[in-house]
């Protein structure tokens with residue numbers, strides 16, 4: 001597996017693994033299969049694993065801690081803090097707001113270290129920017145964790161350019177994680193440029209459009225009844241049908257190229273810059289292996305242009321999140 005750099009301190013596999021779906025949001029999962037998938041990822045050369053306090057909540061960090069303990073020195077573990085969590089709920093409904101207070105930063109870090117069973121978090125992200133707490137205070141507390149040896153590098157998620165610059169002035173930010181794919185291009189409105197000017201790596205989550213860009217979801221009913229994608233505008237009714245018609249174009253191009261639709265969509269993301277490290281999710285080994293192989297696909301300028309034409313932004317139907325969830329982003 002090829003490697004890429006995030007900031008000045010982290011070298012990771014060109015394709016990472018987003019682990020959220022192994023225990024959160026996408027319906028029932030099989031823990032044994034998840035552990036086998038995580039172990040296979042290491043065999044394939046994937047070294048970058050992404051989790052968060054909110055996933056479960058808590059159970060995803062525990063899962064990674066158990067699965068990756070034998071190979072701790074070979075992997076980079078990223079986790080995130082910043083949501084208010086209702087202890088009486090599970091799944092996405094447990095997320096009730098945001099909390100960027102310095103005392104919460106340090107509380108979560110200590111708890112995450114215990115759940116992960118590690119001494120140092122390699123990359124510690126603020127999951128969502130708290131509009132009620134100056135970013136300088138939040139990042140100041142995160143920087144204290146670096147000085148204490150509990151965290152190696154700092155990150156932000158779904159932050160806008162102004163926030164990124166203010167945060168970076170307090171302590172170097174190694175990575176920004178935001179949704180980015182053929183059908184979610186918000187970071188191109190200045191955020192990617194800001195990251196590049198500051199030497200910050202970019203980590204796209206949902207680079208396969210939460211599975212929609214793989215072409216394997218044929219209708220909303222294919223999703224489990226407790227799958228949170230059913231609540232997302234792009235997966236609903238007429239929006240679903242309109243977006244599926246666009247993905248069909250991508251499927252035809254992928255077939256001509258001799259790759260899967262998912263691999264083509266992921267290769268497009270990888271070609272947007274050597275400072276980009278996508279973290280597609282995978283709950284099954286064969287999906288993981290397909291994603292890893294996408295790192296070796298080479299697309300020329302004409303192919304990239306053809307892919308862009310197949311998924312024109314002005315034809316994507318529906319917002320990527322509900323209005324309430326979008327209000328939590330800082331873009």
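For residue 80, which of the numbered conditions (1) part of a helix (DSSP H, G or I); (2) modelled with pLDDT of 95 or more fails to hold?
(1)
Given 184, 178, which one is in contact (Cβ under 8 Å) with a residue 12 or more places away in the chain, more than 22 Å from residue 112 (Cα to Cα), within 19 Å of the chain's Cα centre (by Cα) and crowded, with 18+ Cβ neighbours inside 10 Å?
Numbers: 178 fails: more than 22 Å from residue 112 (Cα to Cα).
So the residue among 184, 178 that is in contact (Cβ under 8 Å) with a residue 12 or more places away in the chain, more than 22 Å from residue 112 (Cα to Cα), within 19 Å of the chain's Cα centre (by Cα) and crowded, with 18+ Cβ neighbours inside 10 Å is 184.
Which one is nearest to residue 169 (Cα to Cα), of the residues in region 194-214 that are surrounded by fewer than 21 Cβ atoms within 10 Å (Cβ to Cβ) and touching a residue at least 24 places away in the same chain (Cβ under 8 Å)?
Residues of region 194-214 that are surrounded by fewer than 21 Cβ atoms within 10 Å (Cβ to Cβ), as a first pass: 194, 196-199.
This time we only want the ones that are touching a residue at least 24 places away in the same chain (Cβ under 8 Å), so: 194, 196, 198-199.
Details: 194: 13, 196: 15, 198: 10, 199: 13 Å.
Applying the filter and picking the extreme gives 198.
Quick test for you: out of 299, 304, pick the one residue that is in a helix (DSSP H, G or I), without any contact (Cβ under 8 Å) to a residue 40 or more places away in the chain and farther than 24 Å from residue 27 by Cα. Talk me through it step by step, then tell me what you get.
Details: 299 fails: in a helix (DSSP H, G or I).
That would be 304, the only listed residue that is in a helix (DSSP H, G or I), without any contact (Cβ under 8 Å) to a residue 40 or more places away in the chain and farther than 24 Å from residue 27 by Cα.
Against the definition (modelled with pLDDT under 95 and at negative phi), how does residue 89 come out, yes or no?
The answer is yes for residue 89.
Here's the yes/no breakdown for (1) surrounded by fewer than 16 Cβ atoms within 10 Å (Cβ to Cβ); (2) touching a strand residue (DSSP E or B) at 6+ places or on another chain (Cβ under 9 Å); (3) assigned to a loop (DSSP other than H, G, I, E, B):
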residue	(1), (2), (3)
278	no, yes, yes
283	no, yes, yes
292	no, yes, no
308	yes, no, no
317	no, no, yes
324	yes, no, no
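Of the conditions (1) surrounded by fewer than 19 Cβ atoms within 10 Å (Cβ to Cβ); (2) part of a helix (DSSP H, G or I); (3) at pLDDT 95 or above, residue 274 satisfies every one except a single condition; which number is it?
Exception for residue 274: condition (2).
Give region 213-257 a look and list any residue that's in a helix (DSSP H, G or I) and touching a strand residue (DSSP E or B) at 6+ places or on another chain (Cβ under 8 Å), or say none.
Answer for region 213-257, where residues must be in a helix (DSSP H, G or I) and touching a strand residue (DSSP E or B) at 6+ places or on another chain (Cβ under 8 Å): 213, 228, 229.
Step by step: first the residues of region 154-166, then only those that are outside any strand (DSSP E or B) and in contact (Cβ under 8 Å) with a residue 40 or more places away in the chain, then the one that is farthest from residue 274 (Cα to Cα). Which residue is that?
Residues of region 154-166 that are outside any strand (DSSP E or B), as a first pass: 158, 160-166.
If we keep only those that are in contact (Cβ under 8 Å) with a residue 40 or more places away in the chain too, we end up with 158, 160, 163.
Numbers: 158: 20, 160: 21, 163: 23 Å.
This residue is 163.
Mind listing just one residue for me: the one in region 126-149 that is closer than 21 Å to residue 48 by Cα and touching a helix residue (DSSP H, G or I) at 6+ places or on another chain (Cβ under 9 Å) and, of those, surrounded by the fewest Cβ atoms within 10 Å (Cβ to Cβ)? If you could, list the steps in order and put the result at the bottom.
Step one: list which residues in region 126-149 are closer than 21 Å to residue 48 by Cα, which gives 126-128, 142, 145-146, 149.
Now drop any that are not touching a helix residue (DSSP H, G or I) at 6+ places or on another chain (Cβ under 9 Å), which leaves 126, 142, 145.
Working: 126: 29, 142: 28, 145: 21.
Once the filter is applied, the top-ranked residue is 145.
Mind listing whichever residues of region 217-256 are at pLDDT 95 or above and within 30 Å of residue 6 (Cα to Cα)?
If the condition is that a residue be at pLDDT 95 or above and within 30 Å of residue 6 (Cα to Cα), then 250, 254 are the ones that fit.
Test of understanding: among 263, 231, which residue is within 21 Å of the chain's Cα centre (by Cα) and touching a residue at least 60 places away in the same chain (Cβ under 8 Å)? Break it down into steps so the answer makes sense when it comes.
Values: 263 fails: touching a residue at least 60 places away in the same chain (Cβ under 8 Å).
That would be 231, the only listed residue that is within 21 Å of the chain's Cα centre (by Cα) and touching a residue at least 60 places away in the same chain (Cβ under 8 Å).
Among the candidates 70, 102, which residue alone is more than 26 Å from residue 278 (Cβ to Cβ), surrounded by fewer than 16 Cβ atoms within 10 Å (Cβ to Cβ) and in contact with a helix residue (DSSP H, G or I) (Cβ under 9 Å, 6 or more places away or on another chain)? Steps first, please.
On the way: 70 fails: more than 26 Å from residue 278 (Cβ to Cβ).
Checking each option against the conditions leaves just 102.
If we scan region 114-122, do we find a residue that is assigned to a strand (DSSP E or B), in contact with a strand residue (DSSP E or B) (Cβ under 7 Å, 6 or more places away or on another chain), farther than 25 Å from residue 282 by Cβ and modelled with pLDDT of 95 or more? Outline the logic, then answer.
Of the residues in region 114-122, the ones assigned to a strand (DSSP E or B) are 121-122.
If we keep only those that are in contact with a strand residue (DSSP E or B) (Cβ under 7 Å, 6 or more places away or on another chain) as well, we get 121-122.
Subset that is farther than 25 Å from residue 282 by Cβ: none.
Scanning region 114-122, I find no residue that is assigned to a strand (DSSP E or B), in contact with a strand residue (DSSP E or B) (Cβ under 7 Å, 6 or more places away or on another chain), farther than 25 Å from residue 282 by Cβ and modelled with pLDDT of 95 or more, so the answer is no.
How many residues does region 28-68 contain that are outside any helix (DSSP H, G or I) and more than 19 Å from the chain's Cα centre (by Cα)?
Of all residues in region 28-68, those outside any helix (DSSP H, G or I) come to 28-30, 44-58.
With more than 19 Å from the chain's Cα centre (by Cα) added as a condition, the list becomes 28, 30, 44.
Looking only at that region, the number is 3.
Condition test on residue 320, is it within 20 Å of the chain's Cα centre (by Cα), farther than 29 Å from residue 131 by Cβ and modelled with pLDDT under 95? Give the derivation first.
Numbers: within 20 Å of the chain's Cα centre (by Cα): yes; farther than 29 Å from residue 131 by Cβ: no; modelled with pLDDT under 95: yes.
It is false that residue 320 is within 20 Å of the chain's Cα centre (by Cα), farther than 29 Å from residue 131 by Cβ and modelled with pLDDT under 95.
If we keep just the residues of region 14-31 that are within 15 Å of residue 208 (Cβ to Cβ) and surrounded by fewer than 24 Cβ atoms within 10 Å (Cβ to Cβ), which is modelled with the lowest pLDDT?
The initial filter retains those residues of region 14-31 that are within 15 Å of residue 208 (Cβ to Cβ), namely 15-21, 25-26.
Those still in the list that are surrounded by fewer than 24 Cβ atoms within 10 Å (Cβ to Cβ) too: 20-21, 25-26.
Numbers: 20: 95, 21: 93, 25: 78, 26: 84.
So the residue we want is 25.
The values are calculated or read from the model by the stated rules, or taken from the named source; none is laboratory data. The model shown is predicted, which means the values in this text are computed figures rather than measured ones. Cβ atoms come from the backbone with ideal geometry, glycine included; neighbour counts cover every protein chain shown.
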